[in-house]
Amino acid sequence: MIYGLHQNVEGISLLQKPEKIYLNNPNLAFALGSNVDVGNVRETFFLNQLSAEHQLSLPKNSDFLIDKSWVVEVGGKNKKSNPNCDIYAIDTIEYGHDKRIPLWLFGFLY
């Protein structure tokens, strides 16, 4: 039901308290409450789609670190640039360019 996101750690450190806790499925947020944060739903969707086949962790200055290689920011179409970011998963856009990939495309990775 929940997914605990840790910083980039290995071994026994994974047993410690996670830095962030997400619901496993973004639909659960709507079932549990009526005032749902859109940013959290975006991040939960991204986490849900990639966690099936990839290792996700929490970097210091961004949203997600995928397979200890790619730093990803998740947000809306007005998301500001981050010099530490490799990929932007952007909601409310139909097609991507440069580092900006539509968030809905990550749904095909599941």
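The values are calculated or read from the model by the stated rules, or taken from the named source; none is laboratory data. As the structure is a prediction and not an experimental result, all values here were calculated from the model. Cβ sites come from the backbone with ideal geometry, for glycine too, and all protein chains shown count toward neighbours. Just so you know, the surface numbers come from the protein's heavy atoms only, side chains and all, with ligands and any DNA or RNA stripped out. Shrake-Rupley method; radii C 1.70, N 1.55, O 1.52, S 1.80 Å.
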Which condition breaks for Gln49 when tested against (1) within 21 Å of Ile90 (Cα to Cα); (2) without any contact (Cβ under 8 Å) to a residue 24 or more places away in the chain; (3) not in a loop (DSSP other than H, G, I, E, B)? (2)
Might you let me know whether the range 35-43 holds any residue that is part of a helix (DSSP H, G or I), touching a strand residue (DSSP E or B) at 6+ places or on another chain (Cβ under 6 Å) and not hydroxyl-bearing (Ser, Thr, Tyr)? yes
Looking only at residues in the range 49-61 that are surrounded by 13 or more Cβ atoms within 10 Å (Cβ to Cβ) and in contact with a strand residue (DSSP E or B) (Cβ under 8 Å, 6 or more places away or on another chain), which one is farthest from Asn8 (Cα to Cα)? Leu50
Within the group Ala29, Ala89, which residue is in a helix (DSSP H, G or I), of a type in the set (A, V, I, L, M), in contact with a Leu (Cβ under 8 Å, 6 or more places away or on another chain) and surrounded by 13 or more Cβ atoms within 10 Å (Cβ to Cβ)? Ala29
Return the only residue of Glu73, Glu94 being touching a strand residue (DSSP E or B) at 6+ places or on another chain (Cβ under 9 Å), open to solvent by 60 Å² or more (accessible area, probe 1.4 Å) and not small (Gly, Ala, Ser). Glu94
Number of the exception - Ser81 against (1) hydroxyl-bearing (Ser, Thr, Tyr); (2) in a loop (DSSP other than H, G, I, E, B); (3) open to solvent by less than 30 Å² (accessible area, probe 1.4 Å): (3)
In the range 9-26, which residues are surrounded by 13 or more Cβ atoms within 10 Å (Cβ to Cβ) and either within 14 Å of Ser57 (Cα to Cα) or over 17 Å from the mean Cα position of the chain (by Cα) (or both)? Val9, Pro18, Lys20, Tyr22
Output yes when any residue across the range 58-76 is farther than 18 Å from Leu5 by Cβ and either under 13 Å from the mean Cα position of the chain (by Cα) or among the small types (Gly, Ala, Ser) (or both), and no when none is. yes
